[in-house]
Amino acid sequence: MAQARIEGHVLRTPLVESLALSQGGPAIFLKLETRQTTGAFKLRGATNAVLMAGSSAKGFVTASTGNHGRAVAHAAKAQRRRAVVCMSNLVPANKVDAVRALGPEVHIVGQSQDDAQIEVSRLVREEGLSEIPPFDHPAVIAGQGTIGLEIVEAMPDVALVLVPLSGGGLAAGVAAAVKGLRPQAKVVGVSMTRGPAMQRSLLAGRPVAVEEVPTLADSLGGGIGLDNGFTFAMCRDLLDGVILLSEEEIAEGIRHAFRAEDEVVEGAGAVGIAALIAGKIRPEGPTALILSGRNIDPALHRRIVEEGALA
Ligand SMILES: *Cc1c(COP(=O)(O)O)cnc(C)c1O
């Protein structure tokens, strides 16, 4: 089981009540994946995938330069395994440096994410490395799902869980875990209005492409894969709904997290708080919000919380 496998390799993060958000209503708890090693929950899925692959794997490769890339680099290094992160020449130097600091090999190729992905496929084919996809993989989904198990263990009466939603690895894993233990609990995904790939796909009844546009919730950008094998069907069957948020609503979530909860949260991690503050959902019982990550550009964070700017 994923939970036993990754125990001791990732943090069991705090689940704390938000006194500000609980005022006058049901108790609202925050699952602080902001405190997870590497600054986001993705270490859970990456660690589970690395440990499941066992010692026969020759090493691991990904094209992500964001939270998933960091997670794969850290998880592989912790097991003294080879990790390669592939990225294009267009990735900004500060992002390249942040990945390099975690110690993986970095392959810089081509001019686009597609070119980086071609290098991933080459390394899989020619050097026998194992690709760890960011969401659409059973080991990754199960690893992210350990958050759901920890929530129900600490809140046996949980009625609602709000989950940031992009490719759906987090939402699928958490929904399966929560509903496995507590079928009556509701699990709702939260995305941004600007490019909500899973929500559009759920409406269409099949995976569809969406145009990728800049958003404060940058970790929620990107598609779900037209050949999606797992997360689309799981989100379709297990989620009780999807909420969409404007950029100003997400900024409000980041501000609240900082001012009222003392947490630096990136846009993607603030969407649960933002959905509550915007009144887009009214909890009817004990509720858990997953603050999924903290990796936001410090200058952007300062502008949002100090100057009240949108971006
Ligand atoms: C990746 C990520 C998400 C979304 O996870 P999916 O499994 O792709 O839905 C949410 N928040 C943060 C901080 C992330 O890095």
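No value in this document is a laboratory result; all are computed from the given coordinates. All figures in this text were calculated on a predicted structure; none of them were measured in a lab. No Cβ is skipped: glycine too gets one built from the backbone with ideal geometry, and neighbour counts run over all protein chains shown.
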For the chain, size of Cβ-based charge dipole, Lys and Arg +1, Asp and Glu -1, in debye: 680 debye
Throw me the Rg/Rh for the stretch 207-300, computed over C-alpha atoms with Kirkwood Rh, two decimals. 0.99
How large is the convex hull of the Cα atoms of the stretch 42-131 per residue, expressed in Å³ as a whole number? 74 Å³
Size of the dipole of the stretch 42-131 about the Cα centre, Lys and Arg at +1 and Asp and Glu at -1 on the beta carbon, nothing else charged, in debye to 20? 460 debye
Jot down the radius of gyration and Dmax of the stretch 245-311, Cα atoms only, both in angstrom. 11.4, 37
For a quick protection proxy, order the peptides 81-87, 294-300 by their average other-Cβ count within 10 Å, most packed first. 81-87, 294-300
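How long are the three semi-axes of the equivalent ellipsoid of the chain, in whole Å, if each is the root of 5 times an eigenvalue of the C-alpha gyration tensor, listed from largest down?
29, 22, 19
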Excluding same-chain residues fewer than 8 positions from Lys58, which aspartates and glutamates have a Cα within less than 19 Å of its Cα? Glu105, Glu119, Glu126, Glu127, Glu131
Per its Cα gyration tensor (rounded if a/c is under 1.5, else prolate when a/b beats b/c, else oblate), the stretch 1-92 is best filed as oblate
Cα axis of helix 42-53 to longest principal axis of the chain: angle in degrees, 0 to 90, nearest 10? 40 degrees
Computed over the chain: longest principal axis from alpha-carbon atoms vs helix 113-127 long axis, angle to nearest 10 degrees, is 50 degrees
Modelled FRET efficiency - R0 30 Å, Leu203 with Met1, Cβ distances, 0.05 increments: 0.35
What does the net charge come to around Ala71 if you take all other residues with beta carbon closer than 12 Å to its beta carbon, with K and R at +1 and D and E at -1? +3
What does a probe at His107 reach in the stretch 131-148, counting residues whose amide N is under 11 Å from the point 7 Å along Cα→Cβ? 131
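Nearest 500 deg cm²/dmol is fine: what mean residue ellipticity at 222 nm does the chain get from its DSSP H runs of n ≥ 4 alone, each adding -39,500 (n - 2.57), divided by its residue count?
Here the helix-only value at 222 nm equals -12500 deg cm²/dmol.
Mean separation of Cα pairs under 8 Å and 6+ residues apart, divided by the residue count of the stretch 251-308: what relative contact order is that in percent?
Dividing the mean separation by the residue count of the stretch 251-308 yields 41 percent.
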The stretch 98-147 - Rg and Dmax from Cα coordinates, angstrom: 13.2, 36
For Glu17, other-chain or 5+-apart residues with amide H closer than 5 Å (H placed, Pro excluded) are Leu30
Sequence gap at least 6, Cα distance under 8 Å: using those rules, report the relative contact order of the chain to the nearest whole percent. 19 percent
Proxy reagent accessibility, fewest Cβ within 10 Å first, across Glu261, Glu266, Glu17, Glu249: Glu17, Glu261, Glu249, Glu266
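Count the DSSP beta bridges whose two residues both fall in the chain, then state the antiparallel fraction as a percent rounded to the nearest 5.
Values: 4 of 31 bridges.
Antiparallel bridges make up about 15 percent of those DSSP assigns within the chain.
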Output the 0 to 90 degree angle, nearest 10, between the alpha-carbon long axis of helix 67-78 and the longest principal axis computed from the alpha carbons of the chain. 60 degrees
With a cap of 11 neighbouring Cβ atoms within 10 Å, and only residues DSSP puts in a loop, list the trypsin sites (Lys or Arg not before Pro) found in the stretch 170-244. none
To the nearest Å, what is the center-to-center distance of the stretch 47-123 and the stretch 229-271, using C-alpha atoms only? 26 Å
